[in-house]
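J.: Before anything else, here's the structure in question.
The values are calculated or read from the model by the stated rules, or taken from the named source; none is laboratory data. As the structure is a prediction and not an experimental result, all values here were calculated from the model. Cβ placement follows ideal geometry from the backbone for every residue including glycine, while neighbour counts extend to all protein chains displayed.
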Amino acid sequence: MSIALTCQGLARSFGGVQAVKGVSLSLPAGQVTALVGPNGAGKTTVFNLITGNLRADAGQASLHGKPIMGLKPWQVARAGVARSFQDLRLFQHMTVRDNVLAATEPSGWFWQPGGAASRAARLARAEAAMEAAGIAGVADARAVDLAYAERKFLSMARILAAEANVWLLDEPASGLDLSSRTRFQDLLKAARAQGVAICLIEHNLDVVMALADRIAFLDRGEVLAEGEPQAIMRDPKLAAIYFGDRK
Ligand SMILES: Nc1ncnc2c1ncn2[C@@H]1O[C@H](COP(=O)(O)OP(=O)(O)OP(=O)(O)O)[C@@H](O)[C@H]1O
C-alpha cells in the first residue's frame, strides 16, 4: 500500500482557540479515509493547512515524499492535490463547462505552452469530467442556475478535471438525496479503483460506512483514533463524543 500524502504534527491556533493540535495523518493511494468528528473538531482547518489556504504554526506535509508545506494553494493543486469546499466556490456566472475548464489549469495563469493543442486537450478533459459527473447535459447552463445537487456534482467534475491523485473533499455529499448520494458514492468508488487517495470530511455516517476504508476520528483538534470503520464506530467513547454526549 503506497502512501500518497502524509502530514505530521500539524498545529494551528486562532487567537486563544487551538483548532488543530499536532495532527498526523497518512492517506494511502486507492483508499478512502474519512475524517470524522463533531462540529468544530478542526477537520476543515486540517484541509486548509495541507492545501496552503492557511499557514500552519507547526508541522509538515508531504506528497509522494516531497514536502508541500509552505506552498501556495495553486502550487499544492498543481502538485496533485484537488480539494472541494463546503461552500463549493464555483464561478457562479460562468457556464458549467467553463467552471470545469478552469479546474484543468490550477495555476490560474492564462498563458500556456502548447496553445490551441493544449486548449483542445483541456476541453476534452473537461468534457470527460462532466460526462463522468453526470452533468454533461447542463454544460452550457450557468452555475448559478443549477439545482443544488447539480452544483455539488459540478464541484466533483472540477475535482475530476484536475486529474489529481489526492482528493480532499469537504462534505461533498451533504444535502444530497438518496439517489444522488448513490451516484456520488459510485463516482468515488471509481476514483478509488484508479488509485486516487481520497480524504472525505463527512457527517453522514451512512456515507462514511458505505465508502470509508479507514476512519480518522478528530476531536478538539486531535486525532483520537484511527483505523477500520467498524471498530471506530463501535467505540462507545467516540460515539458519545460524536453525538455530543460526552461526560
Ligand atoms: N479562520 C478562522 N478564524 C478563527 N477561528 C477559526 C477559523 N477557522 C476555524 N476556526 C475555529 O477553529 C475550530 C475548528 O474549526 P473547523 O472549521 O476546522 O472545524 P470542523 O471540524 O471542520 O467543523 P464543522 O464540522 O462544523 O465544519 C473552531 O473552533 C472554529 O471556530
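J.: Hey, any hits in the range 8-22 for a residue that's closer than 30 Å to D186 by Cα, in the same structural domain as P236 (by TED's automatic domain parsing) and in contact (Cβ under 8 Å) with a residue 60 or more places away in the chain?
T.: There is no residue in the range 8-22 that is closer than 30 Å to D186 by Cα, in the same structural domain as P236 (by TED's automatic domain parsing) and in contact (Cβ under 8 Å) with a residue 60 or more places away in the chain.
J.: Do we have N99 as modelled with pLDDT of 95 or more, more than 30 Å from P229 (Cβ to Cβ) and not in a strand (DSSP E or B) here?
T.: Criteria met by N99.
J.: Next up: What about L218, is it under 24 Å from A164 (Cα atoms) and modelled with pLDDT of 95 or more?
T.: Considered against the rule, which asks whether it is under 24 Å from A164 (Cα atoms) and modelled with pLDDT of 95 or more, L218 comes out as no.
J.: Could you tell me how many of the residues in the range 23-69 are over 16 Å from L169 (Cβ atoms) and β-branched (V, I, T)?
T.: Number of matching residues: 2.
J.: Separate question: Identify all residues within the range 155-188 that are crowded, with 18+ Cβ neighbours inside 10 Å and at positive phi; write none if there are none.
T.: E171 - this is the single residue of the range 155-188 that is crowded, with 18+ Cβ neighbours inside 10 Å and at positive phi.
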